[in-house]
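Let me begin by presenting the structure, written as structure tokens, before commenting on it.
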Amino acid sequence: MLALTARRMGYRIAILDPELACPAGPVADLLLTAPFDDSKALRRLAEASDIITYEFENIPTESLRLIATLRPVLPDPSVLQICQHREREKTFLQSSGFPCPKFEVITSAADLASALREFPDQCRLKSSAFGYDGKGQLALEPGADAGKAWSQANIPRAILEEHVPFVREISVLVARDAQGRSLAFPPFENRHHGGVLERTVFPARLSDPVANQALALARQIAEKLGVVGLLGVEMFELADGRILVNELAPRVHNSGHLTVEACHTSQFEQQIRAVCGLPFGLVTPLCPAAMFNLLGDLWDKGEPDWLPVLGLPGGVLHLYGKTQARPGRKMGHLTVRASTPEEAIRLGHAALNPLRLRASLPPLAP
């Protein structure tokens with residue numbers, strides 16, 4: 001999606017990806033198929049490029065530092081080093097004074113046993129590294145066996161985080177340029193299932209004070225990190241109107257995919273504008289919209305019949321061109337535009353629930 005947008009803007013595209021059949025390959029001018037730590041391929045990428053950015057967090061920061069000696073890498077590798085590691089990310093937020101859930105660093109079963117005494121209610125054990133879409137997480141109930149839980153997690157380092165009784169999950173995408181100017185999209189309202197984003201509603205159904213608080217927090221975090229590019233800030237809205245910051249993502253974000261249809265400027269174009277030193281585009285919503293992730297589970301009995309989805313008024317289907325469907329794997333998304341967020345949700349459910357029934361999946365919750 002970044003490559004397609006960049007091509008429309010007149011840029012040529014060079015891509016490094018370990019998979020020969022990666023989705024962006026067909027639209028790339030240069031496709032380098034190699035691991036992310038292949039120094040020869042990294043140098044070729046740098047030599048072919050003027051600006052380098054990334055849309056995935058599980059990249060060795062050493063690789064980005066190598067190519068940063070040859071070409072600008074934006075956001076800076078130091079930003080990724082913080083955001084790709086939960087322990088560093090939470091420590092950054094806490095030490096910078098940003099509100100976030102309480103947590104403890106865990107390196108052993110003994111650490112976990114001690115921390116569980118500080119978190120007597122529900123809590124969640126999260127791997128420090130390589131965690132996204134709910135991976136590397138373990139929900140723990142009161143009285144959980146620390147030794148058993150640590151053995152089940154099977155990770156060298158983790159954080160134990162308090163359970164947050166949120167009323168709503170939201171995200172803010174803020175773009176920041178090299179001159180320190182920033183512009184944020186209105187907040188997105190998200191719902192996850194099994195740790196994977198299931199649905200995004202835009203604009204989020206928030207009071208003005210809560211929305212303004214979330215926007216201010218995202219801009220402040222981007223400023224503190226020195227981001228040049230796009231930063232996704234995932235947050236929890238609490239019943240008393242307070243906001244807690246959950247996670248950071250220095251890249252285009254799944255919740256922002258619907259901006260392609262719902263905004264004057266998509267998140268993909270805004271990322272390119274930010275890293276290439278161009279003026280920011282307008283982020284004013286064009287209409288209410290809802291986005292539904294299409295996971296590999298829908299392919300359980302073969303390719304879904306997309307005809308009803310394609311006939312949906314206000315609906316836009318995006319399929320990513322991934323060659324193998326697996327349960328939980330993001331294969332595409334459906335964006336639905338309507339007069340209200342509630343109508344967009346209703347239309348999306350009406351289109352997708354028959355596909356879910358065919359794949360023996362439960363209907364989407366209201």
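Each reported figure results from applying straightforward, stated rules to the coordinates on display, with no laboratory input. Fair warning: this is a prediction, and the values are worked out from it, not measured in the lab. A quick note on method: Cβ atoms are made from the backbone with ideal geometry, for glycine too, and the neighbour counts reach across all protein chains shown.
Each label point is 7 Å from the Cα along the Cα-to-Cβ direction; what then is the distance between the points at SER339 and LEU282, in nm?
According to this spin-label approximation, the distance is 2.3 nm.
Just how far, in whole angstrom, is segment 318-366 from segment 33-90 if you go by their alpha carbon centroids?
If we compute the Cα centre of each part, the gap is 33 Å.
Candidates [x] 19.8, 65; [y] 19.7, 59; [z] 20.6, 58; which is the computed Rg and Dmax of the Cα atoms in Å?
This structure yields the entry labelled [z].
Restricting attention to segment 1-55, which trypsin sites (Lys or Arg not before Pro) occupy a DSSP loop and are surrounded by at most 14 other Cβ atoms within 10 Å?
Passing both the DSSP loop test and the Cβ count: ARG12.
What ranking do MET9, MET235, MET291 get, fewest neighbouring Cβ atoms within 10 angstrom at the top?
MET9, MET235, MET291
Enumerate by residue number the chymotrypsin sites (Phe, Trp or Tyr not before Pro) in segment 79-188 meeting two conditions: DSSP loop (anything except H, G, I, E, B), and at most 13 other Cβ atoms within 10 Å of the site's Cβ.
Counting only loop positions with at most 13 other Cβ atoms within 10 Å, the chymotrypsin sites (Phe, Trp or Tyr not before Pro) in segment 79-188 are PHE130.
Write down the percent of antiparallel bridges among all DSSP beta bridges whose residues are both part of the chain, to the nearest 5.
For the chain, the DSSP antiparallel bridge percentage is about 90.
Taking 8 Å as the Cα distance limit and 6 or more residues as the minimum spacing, I'd like the relative contact order of segment 2-73 as a percentage.
25
May I ask you to list the trypsin sites (Lys or Arg not before Pro) in segment 61-125 that are in a DSSP loop and have at most 10 other Cβ atoms within 10 Å of their Cβ?
Filter output for segment 61-125: empty list.
Full extension from ALA239 to PHE56: what is 0.36 nm times the residue separation minus their Cα-Cα distance, to one decimal in nm?
62.6 nm
In percent, how large is the relative contact order of the chain, given Cα pairs closer than 8 Å and 6 or more residues apart?
13
Can you pull the one-decimal nm distance between simple spin-label points at GLU303 and LEU20, each 7 Å off the Cα toward Cβ?
That separation, rounded to one decimal, is 2.2 nm.
Which of TYR11, TYR54 has the fewest other C-beta atoms within 10 Å, and how do the rest follow up to the most?
The most exposed by this proxy come first: TYR11, TYR54.
Once you order the gyration tensor axes a ≥ b ≥ c over the Cα atoms, which shape class does segment 47-200 get: rounded for a/c under 1.5, otherwise prolate or oblate by comparing a/b with b/c? If you can, show how the numbers build up before the last one.
Working: a/c = 2.25, a/b = 1.61, b/c = 1.40.
The shape class here is prolate.
Which of the aspartates and glutamates could a cross-linker bridge to LYS40, judged by Cα under 15 Å and excluding same-chain residues fewer than eight apart?
Straight-distance partners of LYS40: ASP17, GLU62.
So what J values fall out for segment 161-175 if you push phi through Karplus, 6.51 cos²θ - 1.76 cosθ + 1.60 with θ = phi - 60°, rounded to Hz, Gly and Pro as x?
10, 4, 6, 10, x, 6, 9, 7, 9, 9, 9, 10, 10, 10, 9
With respect to the cross-link table entries LYS148/LYS301; LYS301/LYS322; LYS102/LYS322; LYS90/LYS330; LYS102/LYS224; LYS90/LYS322, which display a Cα-Cα separation exceeding 28 Å? All intermediate terms of the calculation are to be shown ahead of the outcome.
Numbers: LYS148/LYS301 37 Å; LYS301/LYS322 17 Å; LYS102/LYS322 38 Å; LYS90/LYS330 26 Å; LYS102/LYS224 21 Å; LYS90/LYS322 33 Å.
Listed pairs above 28 Å: LYS148/LYS301; LYS102/LYS322; LYS90/LYS322.
In whole Hz, with x marking every Gly and Pro, tabulate ³J(HN,Hα) for segment 323-338 from phi via Karplus 6.51 cos²θ - 1.76 cosθ + 1.60, θ = phi - 60°.
With the stated coefficients, segment 323-338 comes to 7, 10, 8, 10, x, x, 7, 6, 9, x, 8, 10, 9, 10, 9, 7 Hz.
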